[in-house]
Every structure is written in structure tokens, then in C-alpha cells.
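Enquirer: I'd like to ask some things about the structure below.
Nothing in this text is a laboratory measurement; each read-out follows from the coordinates by a stated rule. Note that this is a predicted model, so its numbers are computed, not measured. No Cβ is skipped: glycine too gets one built from the backbone with ideal geometry, and neighbour counts run over all protein chains shown.
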Amino acid sequence: MVMPLPCGLALLGWSSFERSEKSFFAAFGVTYLSLMTENSQEQTLAALGVKQPDQVAPLFAGLLSLAKADLNAANSAEGFEKFRVRWLGRKSGVLTLVTDNWLKPACKELKPAVGQALNKFKAQLETAMEARRAAIESGAQEAVSAKDRVDLSLPGVIRPVGSRHLIRQVLQEIEDIFVSIGFSVVEGPEIETPYYNFEALNIPEFHPVRDDMDTFYVEARRESGAVLTAPGSLLLRTHTSPMQIRTMEKRKPPVRVIVPGKVYRRDNPDATHSFMFHQIEGLAVDHDITFCDFTGTIEYFVKQYFGSGVKTRFRPSYFPFTEPSVEFDVSCIFCGGSGSAASGQTCGKCKGSGWIELFGAGMVDPEVDGFVNYDAKKVSGFAFGMGMDRLSMRKYGIDDIQAFFQNDVRFLKQFP
Ligand SMILES: [Zn+2]
């Protein structure tokens, strides 16, 4: 009589206890999550107070939460690898410790639940790790492609592209004009001998014209410093005319050449003078060249260069190597030859004359033929020497020759 009652009570009590135990563990499970530390796996289940099979699932749920939080903190391949070692490392990885401390020592009642929960945990961890690995790799991929991506909406990097210098452009233009009427282009040395620069051009020593053509003399030296050349035996050419002689020495008539290049004078720099400037020499020698061929050629060039509307004229002049010699003028392209500017004032470019002086020219002096063994009775020719700087200044209204050599980008940009 007595026994069943206590027994019944005991059962009731037990079942009552069991219910409260369940709700307690439900609450305990939540608490367990916060109590779950990285070191929990170093203790046995008994030490952790896990005695019932249904305490196992919350325990592993807490472990999975820890694992996921740790996994999400791994943002790189390196971090992922550290995570893998921390959790799956054979010697002291969390899974090894869980197996050693939770599964192996578990009592008979708990073991199946622990084994099952552990397998589930492994599968969940594997899935989470695979997802994380993919996320890290695609993130790295994105970072790489973001770095390499070309944003076509950005303004481009504008790298200034240089242009040919105006002198070079004018040279090309002049060359094109003369080449189109049968001239060829030759170039010669800038360091000359007095013979080619003066004597062969009928300018003997002590000739007064040498005063106008004073230049720079150079010495050739060995590395030791020993001077190889006699004083005054080499100079920087004062004009491109030496190439008249060098060309006629090498070629028999007919000769039709132009010679562009740098020339030197001992001039102080100002708006119209420079110690270095550019000339273009012209020479035509043949059996029947007349003064008409000469003026016709020059007029053709001038109209090609300045435009067909300009007028030309020549005035008698003097050069030692041409006879007769002339100065060529062109009607002022700025005032149309009227001499007065649009404002009604005197045209500043031609100073009211309506004409602009262009260059000197003439028929080749028969004396020069003697230097190159041409028969002056059989051949004749003409020669001209134009300042390319002056031709450029005349055409483009540039007032200062120094602008060509100062390399001021504001100037150069005007002639793209
Ligand atoms: Zn004018």
C-alpha cells in the first residue's frame, strides 16, 4: 500500500522533475551558448555538466555558433587557413579535442547522441567553410578586378604631343615648293674652311664684306689638348653658300639644288639678329639659264609661299658671288601693299612702304665658275640665299627672331 504511493509520487515527482529539468535545460542551453568558450572542448561532458542526451544538441549548437563567428572573421585566404588549423588541426584542433574529450569519455547513454551530433556538426561546419572559402575567393577576385578595371567614364590623361618647330615647318614648305619644280635638297657641313665660306665665293681675305660676316672660329684638338688645326683654319659657316661650291665641284651642269641649314654670325641678339639662324640656299646652273629663268623661278616660289595675290619686285644690289645681284621684295601681305594698316595708321610691318624685303639673289658670278672648273662661256646660273627665320617672320607676323629660339611653349603652341 505504502510502496506504490511513494513510488507513484516518486514517479510523479520524477516526471515533474523531468519537465522542469527540460525547461531548465532549454534555458540552460541558451545560457550555455554564452558560457561556451573556446576552451569548453578541453573539458569532458561530465565536467561541463552534461548528463542527459538532450543536453548534447544545444551544446553542439553553441559550438557551431562559435565556429561560424570565428569563420566569418576570416576575411582572407590566410585567415581561412588559420581557421582551418584552429578547428580541424589534427593535434589540437577543436574537432580533435571534441572527439577526445566529449565523445570518447562519454558514458553509454550519451555516446550515441554525441556521435550523432558530432557528425552533424562536422557536416554543417564543412558546408559553412565551403561557402566562406568561395566568398573569400570571389571577394579577392573582385578586389583584383576592381584594381585592374578601366573606368571609361573618367577623363583621360592628356599627354601633350609636341609639334614640329615653325622653322622646320617652313623649311618643309619651301622644300616642297622647290622640289616640285625640279630642285633637289642637299645639306652641308656647319663647320667650314675659309676657302669654301669665303675665297671660293669670290670673297678674298681683306675683302670688306668679311666685316659683315665675322663669325666663330673653331679649333680641332686631340684628347691630350694638342691643337690639330692652324688658327683661323676652321669656322662656323656664315651662310649656306659654301654648298654652291661643294655641289659644283662634285656635279657637272645641270645643277638645281637647295641647301637648307644653320648658319652663324658674330651678331648680338636683338629682335632681328641672332648669332645662329637658318638659311636656304638655292643654285641652278645649266647651259642656257637666263635672268628670266631666275626671276620666273623666284616669282613662282614667292607666290606659292605667300599666296598668288602678292606682287614681287627686285632692286639692284651687291653680292661678291653673283653678278648682277638683286634684292627681292614682296608686296606687304599685312596691308596688301597699301602701306597703311586697317586703323588708317602707317603699316608697322612694311613701315608704310608697301614692300617687304625678302632675300638676296643674282646670277652666278663667272669668277666663281673658275673655282669649280665650269666653263663660264658655256654655262650660266642663278643663286639665292633666303633667311628662313625672316621668311617665317614675314609670313606669320612675328616681330622678334628670338621667339624662335626661346622655346616658349606659348609661342610654339600657336603653330601646331
Ligand atoms: Zn604693310
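Enquirer: Name the long-range amide H neighbours of GLY337: under 5 Å, sequence gap of 5 or more, or other chain; modelled H, no Pro or chain starts.
Expert: CYS332
Enquirer: Quick check: from the Cα gyration tensor, does the chain come out rounded (a/c under 1.5), prolate or oblate?
Expert: prolate
Enquirer: In whole angstrom, how far apart do the alpha carbon centroids of segment 341-416 and segment 49-76 sit?
Expert: 96
Enquirer: Give me a comma-separated list of calculated 3J(HN,Hα) values for segment 348-362, in order, Karplus coefficients 6.51, -1.76, 1.60 applied at θ = phi - 60°, integers in Hz, x for any Gly or Pro.
Expert: x, 6, 10, 6, x, 7, x, 10, 10, 6, 9, 6, x, 7, x
Enquirer: Please say if segment 173-245 is rounded, prolate or oblate, where rounded means a/c under 1.5 for a ≥ b ≥ c the square roots of the C-alpha gyration tensor eigenvalues, and otherwise the choice is prolate for a/b larger than b/c and oblate otherwise?
Expert: Values: a/c = 3.06, a/b = 1.63, b/c = 1.88.
Oblate is the answer for segment 173-245, as a/c is 1.5 or above yet b/c matches or exceeds a/b.
Enquirer: Here's another thing I want to ask about it. Give the shape of segment 77-148 as rounded, prolate or oblate, defined through the alpha-carbon gyration tensor: a ≥ b ≥ c are the square roots of its eigenvalues, a/c under 1.5 means rounded, and otherwise the shape is prolate if a/b is larger than b/c and oblate if not. Spell out each step's value before the answer.
Expert: Working: a/c = 7.88, a/b = 2.71, b/c = 2.91.
Because a/c hits 1.5 or more and a/b fails to exceed b/c, segment 77-148 counts as oblate.
Enquirer: Separation of segment 147-217 and segment 257-297 by C-alpha centroid, Å?
Expert: 12
Enquirer: Could you work out the local net charge near TYR318, counting Lys and Arg as +1, Asp and Glu as -1, over the other residues with Cβ closer than 13 Å to its Cβ?
Expert: Summing Lys and Arg as +1 and Asp and Glu as -1 gives -3.
Enquirer: Here's another thing I want to ask about it. List the lysines whose Cα lies under 24 Å from the Cα of LYS351, skipping any in the same chain that are fewer than 8 positions away.
Expert: LYS303, LYS311, LYS395
Enquirer: Something else about it: Are there any trypsin sites (Lys or Arg not before Pro) in segment 230-295 that are in a DSSP loop and have at most 16 other Cβ atoms within 10 Å? List them by number.
Expert: ARG251, ARG266
Enquirer: Which whole-number percent gives the relative contact order of the chain, counting Cα pairs below 8 Å spaced six or more residues apart?
Expert: On the way: 574 pairs, mean separation 49.4, N = 416.
Normalised by residue count, the contact order of the chain is 12 percent.
Enquirer: Can you list the chymotrypsin sites (Phe, Trp or Tyr not before Pro) in segment 246-331 that are in a DSSP coil and have 16 or fewer other beta carbons within 10 angstrom? Let's see the in-between values first.
Expert: On the way: sites: TYR264, PHE275, PHE277, PHE291, PHE294, TYR300, PHE301, TYR305, PHE306, PHE314, TYR318, PHE321, PHE328; in loops: PHE275, PHE321.
For chymotrypsin sites (Phe, Trp or Tyr not before Pro) across segment 246-331 that sit outside H, G, I, E and B with at most 16 neighbouring Cβ atoms in 10 Å, the list reads PHE275.
Enquirer: Test of understanding: in a Gaussian network model of the chain with alpha carbons linked when under 10 Å, which of ASP151, ASP400, ASP365 would top the mean-square fluctuation ranking?
Expert: ASP151
Enquirer: Follow-up question, since we're still on this one. Mind checking which of ALA200, ALA135, ALA230 has the largest fluctuation in a GNM of the chain, springs on alpha carbons under 10 Å?
Expert: Highest fluctuation among the options: ALA135.
Enquirer: Which lysines have a Cα less than 19 Å from the Cα of LYS91, not counting those fewer than 8 places away in the same chain?
Expert: In chain and number order, the partners are LYS82, LYS104, LYS122.
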